[in-house]
Structures are given as C-alpha cells and as structure tokens.
Amino acid sequence: MKKPRTLAEPFRIKMVEPLRITTIEQRINILQTAGYNPFLIRSDDVYIDLLTDSGTSAMSDHQWSAMMLGDESYAGAHSWEHLETVVKGLSGMPYVLPTHQGRAAERILYGILGGPDKVFISNTHFDTTRANIEFTGATAFDCMSEVSLDPNTELPFKGNIDIEQVKVLIDKYGKGNIGAVILTVTNNSSGGQPVSMQNAKELRKLCDEHELLLVIDGCRIAENSYFIKHRESGYETKSYKEIAQEMLALCDAFVMSAKKDALVNMGGLLVLRDKEMAQKCTNQLIISEGFATYGGLSGRDMEAIAVGLEEVFDPDYLHYRIKSTEYLGRHLYEKGIPIVRPFGGHAVYIDAKALYPQIPVHEFPGQALVCDLYTQGGIRCVEIGSVMFGKKDENGNLIPAKNELVRLAIPRRVYTQSHIDYVIDVFDDILEERPQARGLRLTYEPPFLRHFTARFARIK
Ligand code: F0G
C-alpha cells in the first residue's frame, strides 16, 4: 500500500507572528508565579497555545479584505445586511440578532425563557449556557448515556442526547415548566463529540409531541457536519453546508458563538424563527448589546463573520481541520496516552486519571498534567475535571467530577503540522517523567468558576 502523504495545510502563510521559546528553567518559575494555573500565564510565555479554539482562529485574506469594507453606520449598515443574508441562508430562519459573543446571545435568550421553576434539558450544557440558565433561577439537566460518557467506547456519535432520559424529565416536570431543550453540536463539554442527524430528528419529534422549544447551540456546526457526512448513512453526497442547513431547519432557535466555526476572533449570533420571541429578544439586545443591526459588533466584525461562515464549509478546510485533530489524537494514542475516543472535532481530550493513576482525584491529576505539559514543552491547555467541575459536600470534601480530562483545543488555521508534531514529541517527556508526576493542592479558590483564578501549590 502507498504510504499516506503528509497532512499538509490547505493554506499558505502571508503574515507571521513570532513565538518566544523559553527554557525549562524559565517555565518552572513562570508556572510557580502563576500559581500552577495556566489562565494566569502571560501568552508571551506560551509556545503552543491549546487553551481554547475560541476566538483564536487565523482569519483569511478574504476576511481581512472584507473588514476594509466594514460599514460602521449605527443603523442599517450594509455589513449588517451582508451578515444577515449569510445567516438567513444558513439557518433558514427569519430573525437574526448579532451579539458580541455566544454567552451574550445565551443571556438574552435564557433570560427570557428561564426563571425559577423552569427546567432546561440538553445533551451537555456548556458552562456559560448552564451559568446563564442557573442565573435566572432555573435548573439545567444534562442527558448523556453512560456509554457515551465512557472515554473508551468507540461510537460514531457520542455527543448525542439520550432521548429516554429526556422523556423521563418531560414526564417529571411537565411541558409547561420546560424552558427549552438545547442540543449542543458538537458536544464540547463531552469530548467535542458529534451529534447525529437522526438524534436531532428524534429530538425534534419529541419536542413537537410536547410543544417544546428546541435550541441548537451550533458554534461548531460545520465540524459536526463533517462527522455526519463521513459517519451517518444517507449524507455521503450532501455538502457540509447542506447538512448544517438540514440540522438547523429542525430547531426553533440557533445560538452561535462566532468565535469558533465563523473563524473570527469575536462575535455571536442569536437566530430565531418566531416573531414574538424575536421582538422580546431584540428589546433585550438593544438594552444591553447595541442596536438591532450591530449588536455588540462593529461593521468590520460583521463582514469577517459573514465571510468566515462561508469559508468554514470549504471541503479542503474541513478535511484538514478534522484530520489534523485526528492526527494528534491518533499519535498520542499510539504512544499509549489514554485519550477520549473517537477523537473530537476541535480538541483532543486526555484521560489524566488513567495517565497518572498515582495521583488521587483530590490532588487533581488533570491540573498536574496541564502543568507538566507547560513545563516540558511550553504548551498551554486546560483541565476539564475536578478543578473545573468538582463540588464540595457539607464537610468541605471534594465531590469529584465524572472524569479528569485535559483538553488540547486546536485553534483554527493557526498552527502547522510541525507544531502538532512538536506537541506529540513533548508527550515522550511526559511519559518518561510519568512516575515522578505529583499532584497539586489548592491555595486559593474563588466561589464561582474557580478554574479561572484558583492558585495551587505542588505536593512534595
Ligand atoms: N457554547 C459552547 C458549546 C461553547 O463551547 C462556548 C464557548 C459557548 C457556548 C460560549 O461562547 O465564549 O463566545 O461566549 N466555548 C469556549 C471554549 C470558551 O473554550 O470552549 P462565547
């Protein structure tokens, strides 16, 4: 068999951003000063930044040139008309509201739909989604099957919502108390796993039976479409955009952080089918974000989103994007690093509990791995485990998160294949040093979203 060719980038580089290379001694000091929390490290001290794929995309020459056409008029800007046309074409929905980022769209929508006694049901609520829902006094339930939550099962659509669990919640709370059902595609907080069209259709049917509102959080809808085309029968000949359109046709509202699949650094969208709901949301938008034809965005931002939303469906781009993530996952897996499988679209998730079995969960094996990756290679990533999601019982003891994961999120069009190879190489050092890996203890924690500002000390 012919040796497969290197997965080369479907773009070339026109502008470079120098990266600073630090020594291991410098990184040990930097990490200590940052309280062993990667959020507190300066980006100049990071070599490969895999903290998030959000707002970190490199824009294309087309996007940059569109920005020069930005119309900065307060009302009725042609940049707004450009964005509105593209979003209507993608979503098939008549009401488009621009926001400064995804969580602003969430705050407006869930602020209206939520409230005490309301219940929201999702495959997995992303943290800002949950926070915006809970802030209204409502309760958010995640519905994932046990098998999907197991990092070792190889299934094509591990992001799917568990329909049976949804039915139980509908019976328990009654349709009048359910604010909305939210499908997050891809399912970021559950390993970046895709949702199948079949699952979305079943959910739509259930929502119709009970007259429930279906929201799609589609900030990675293009990546999800890639998986559907290649994994779900009946979609082989459809284009990625057609698949996204088919999925969005199922929902009543589409919330999007444009910082992901719209290939921009800032922006969000709230897209609605219902006129009355759109009017309510527009009132909120004007109070907090800006006038209805710009939300929190400048005209040039809207131009960049409009172009990005077309570019993201380019088959060469999407192929490279998903294959590059898979390449990282596969090589780490072949080295013996325990990884959530199948690999997600935007990120590779490492099972830190399995990699560092000697570190008990209350000493945060995920955070330990995050620190070791920075020390060994200047790589920044994030723990998705008990630091982020751990709770406390009445005696102050840790109730651990379901898994102790570390997310390596890949910014779009930013790093080359050799950067990815470098990351893979750093894991040789991680494996070599594994027997000496030590956990951490918290020295400071804020009351909410502690992972952003918590500080730690190494356990000797
Ligand atoms: N929904 C999902 C599924 C997300 O992944 C995010 C952000 C948001 C909503 C909120 O959007 O940041 O524009 O306000 N995820 C980022 C991440 C922060 O790193 O995964 P935002």
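The values are calculated or read from the model by the stated rules, or taken from the named source; none is laboratory data. Remember, predicted model here, so these are calculated numbers, not experimental data. Here Cβ is always computed from backbone atoms with ideal geometry, including for glycine, and neighbour counts include all displayed protein chains. Heavy atoms of the whole protein, side chains included, go into the accessibility calculation; ligands, DNA and RNA do not. Shrake-Rupley method; radii C 1.70, N 1.55, O 1.52, S 1.80 Å.
Residues are listed down the side, and each one gets a yes or a no for (1) surrounded by fewer than 22 Cβ atoms within 10 Å (Cβ to Cβ); (2) under 21 Å from the mean Cα position of the chain (by Cα); (3) within 15 Å of the ligand (Cβ to nearest atom):
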| residue | (1), (2), (3) |
| --- | --- |
| Glu232 | yes, no, no |
| Tyr240 | no, yes, no |
| Ser288 | yes, no, yes |
| Val307 | no, yes, no |
| Phe313 | yes, yes, no |
| field | Single match in Ala58, Ala66, Ala77 (criterion: among the small types (Gly, Ala, Ser) and closer than 30 Å to Glu383 by Cβ) | value | Ala58
| Could you list, in sequence order, the residues of segment 253-284 that are away from the ligand (no atom under 15 Å from the Cβ) and either modelled with pLDDT under 95 or touching a helix residue (DSSP H, G or I) at 6+ places or on another chain (Cβ under 8 Å) (or both)? | Leu272, Met277, Lys280, Cys281, Gln284
| query | Is it true that some residue in segment 64-82 is under 30 Å from Lys175 (Cα atoms) and either of a type in the set (S, T, N, Q) or away from the ligand (no atom under 16 Å from the Cβ) (or both)? | reply | no
| request: Hand me the list of helices (runs of 4 or more DSSP H) wholly inside segment 343-460 holding 2 or more residues that are in contact with a Pro (Cβ under 7 Å, 6 or more places away or on another chain). | output: 352-355, 365-377
| Taking segment 275-286 as the search range and keeping residues that are without any contact (Cβ under 8 Å) to a residue 60 or more places away in the chain and within 15 Å of Leu113 (Cβ to Cβ), which one is most open to solvent (accessible area, probe 1.4 Å)? | Glu276
| query | Can you pull out the residues in segment 251-273 that are in contact with a strand residue (DSSP E or B) (Cβ under 8 Å, 6 or more places away or on another chain) and open to solvent by 30 Å² or more (accessible area, probe 1.4 Å)? | reply | Asp252, Arg273
| message | For segment 404-424, give me the residue count where each residue is over 23 Å from Ala262 (Cα atoms) and within 16 Å of the ligand (Cβ to nearest atom). | response | 2
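Has segment 389-402 got at least one residue that is under 19 Å from the mean Cα position of the chain (by Cα), free of Cβ contacts under 8 Å to residues at least 60 places away in the same chain and open to solvent by 10 Å² or more (accessible area, probe 1.4 Å)?
yes
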| query | Which one of these is within 16 Å of the ligand (Cβ to nearest atom), closer than 23 Å to Leu272 by Cα and in contact with a Cys (Cβ under 7 Å, 6 or more places away or on another chain): Leu50, Leu97? | reply | Leu97
| field | Only listed residue being open to solvent by 30 Å² or more (accessible area, probe 1.4 Å), within 16 Å of the ligand (Cβ to nearest atom), in a helix (DSSP H, G or I) and assigned by TED's automatic domain parsing to the domain that holds Lys229, chosen from Ala105, Ala131, Ala200 | value | Ala131
| query | Is it the case that segment 220-229 has a residue that's at positive phi and either away from the ligand (no atom under 12 Å from the Cβ) or of a type in the set (Phe, Trp, Tyr) (or both)? | reply | no
| field | Only one of Leu7, Leu69, Leu51 that is open to solvent by less than 70 Å² (accessible area, probe 1.4 Å) and within 22 Å of Asn265 (Cβ to Cβ) | value | Leu51
| field | Residue list for segment 420-454, restricted to those being aromatic (Phe, Trp, Tyr) and either open to solvent by 80 Å² or more (accessible area, probe 1.4 Å) or within 22 Å of the chain's Cα centre (by Cα) (or both) | value | Tyr444, Phe448, Phe452
| task | For segment 134-144, enumerate the residues that are away from the ligand (no atom under 16 Å from the Cβ) and over 20 Å from the mean Cα position of the chain (by Cα). | result | Thr136, Gly137, Ala138, Thr139
| said: I'm trying to understand the selection: among the residues of segment 333-381, which are open to solvent by 10 Å² or more (accessible area, probe 1.4 Å), within 16 Å of the ligand (Cβ to nearest atom) and at pLDDT 95 or above? | reply: Arg380
